[in-house]
Amino acid sequence: MKLYFAPRSRAVRTAWLLFELGIEFDIEKYELGAKEMRTPEFRSINPNARVPVLDDGDVRMTESAAIAQYLLARYDTEGKFSPAVLSPEFPIYLQWLHYGEGMIMGAMNNFVVETVFLPPEKSSQVHADRAFKLMDRYLRAVDAHLADQEYLAGAFSAADTITGHACYMSEWFGVTFDEMPNLGAYLDRIKGRPAFQKALEL
């Protein structure tokens with residue numbers, strides 16, 4: 001198994017889950033935004049010029065949430081990182097498995113485009129402020145959900161590696177959790193997991 005990886009990217013969540021599962025993998029490491037990721041060679045691996053990319057034999061996948069579902073279906077034979085399909089927690093798990101990409105990351109991406117990638121003469125403070133406000137709203141929904149539980153679907157699951165990582169990423173862009181104490185405590189629990197710490201060290 002091989003993971004195409006860059007620090008401070010969505011690839012961290014894939015590495016994190018692989019470490020949680022105890023799966024050995026090779027890594028091809030890039031710096032985020034490196035010109036090597038825009039070459040024809042890399043675009044033949046992922047036409048979108050992004051990471052993660054996971055190669056598992058003849059299987060190649062490029063979407064982090066889909067990779068998580070694949071890894072659990074193929075390798076989590078004991079169901080350690082997802083609830084049983086007929087359990088009450090399963091639909092909750094699915095909701096939060098996809099919430100990070102479906103809600104948080106869209107707003108975060110818009111914020112990053114306006115504040116990091118666009119030159120000042122092309123960026124819009126109005127759009128940046130709107131994106132930040134949306135990101136804050138979506139994070140507050142996570143905070144409310146965590147009022148009476150430690151992880152998103154009760155026990156730790158792959159949903160935490162996706163949406164939990166998206167919440168963690170929001171700190172890079174100035175989000176604070178003074179008014180979201182449940183989310184702040186949740187992120188402390190995530191940061192304490194050895195597999196997460198290992199993924200951050202790559």
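The values are calculated or read from the model by the stated rules, or taken from the named source; none is laboratory data. None of these values were measured; they are calculated from a predicted model. Positions of Cβ are generated from backbone atoms using ideal geometry, with glycine treated the same way; all protein chains shown enter the neighbour counts.
Going by what's in this entry, would residue 63 be described as charged (D, E, K, R), in contact with a helix residue (DSSP H, G or I) (Cβ under 9 Å, 6 or more places away or on another chain) and not assigned by TED's automatic domain parsing to the domain that holds residue 27? Don't jump to the end; show me each part of the working.
Details: charged (D, E, K, R): yes; in contact with a helix residue (DSSP H, G or I) (Cβ under 9 Å, 6 or more places away or on another chain): yes; not assigned by TED's automatic domain parsing to the domain that holds residue 27: no.
So residue 63 fails the test.
Can you tell me which residue is surrounded by the most Cβ atoms within 10 Å (Cβ to Cβ) among those in segment 13-41 that are hydrophobic (A, V, I, L, M, F, W, C) and closer than 21 Å to residue 117 by Cα? It would help to see each step written out before you state the result.
Going through segment 13-41, the residues hydrophobic (A, V, I, L, M, F, W, C) turn out to be 15-19, 21, 23, 25, 27, 32, 34, 37.
Filter once more, keeping what is closer than 21 Å to residue 117 by Cα: 32, 34, 37.
Details: 32: 13, 34: 14, 37: 20.
Within segment 13-41, the match that is surrounded by the most Cβ atoms within 10 Å (Cβ to Cβ) is 37.
Keeping to segment 117-151, report how many residues are within 14 Å of the chain's Cα centre (by Cα) and part of a loop (DSSP other than H, G, I, E, B).
The total comes to 0.
What's the total number of residues in segment 165-202 that are closer than 20 Å to residue 22 by Cβ, of a type outside the set (Lys, Arg) and assigned to a helix (DSSP H, G or I)?
Matching residues across segment 165-202 total 8.
Just to be sure, is residue 146 surrounded by 15 or more Cβ atoms within 10 Å (Cβ to Cβ), over 22 Å from residue 9 (Cα atoms) and of a type outside the set (Ser, Thr, Tyr)? Please lay out each step first, then the result.
Details: surrounded by 15 or more Cβ atoms within 10 Å (Cβ to Cβ): yes; over 22 Å from residue 9 (Cα atoms): yes; of a type outside the set (Ser, Thr, Tyr): yes.
Yes.
Could you check segment 1-28 and list, in sequence order, the residues that are among the β-branched types (Val, Ile, Thr) and in a strand (DSSP E or B)?
Taking segment 1-28 and keeping what is among the β-branched types (Val, Ile, Thr), we get 12, 14, 23, 27.
Listed by number, the list holds a single entry, 27.
Would you confirm whether any residue within segment 80-89 is in contact with a Pro (Cβ under 8 Å, 6 or more places away or on another chain) and within 21 Å of residue 160 (Cα to Cα)? Quick ask: steps written out before the conclusion?
If we filter segment 80-89 for residues that are in contact with a Pro (Cβ under 8 Å, 6 or more places away or on another chain), which is where we start, we get 89.
The next check asks that each one be within 21 Å of residue 160 (Cα to Cα); those that pass are 89.
There is at least one residue in segment 80-89 that is in contact with a Pro (Cβ under 8 Å, 6 or more places away or on another chain) and within 21 Å of residue 160 (Cα to Cα).
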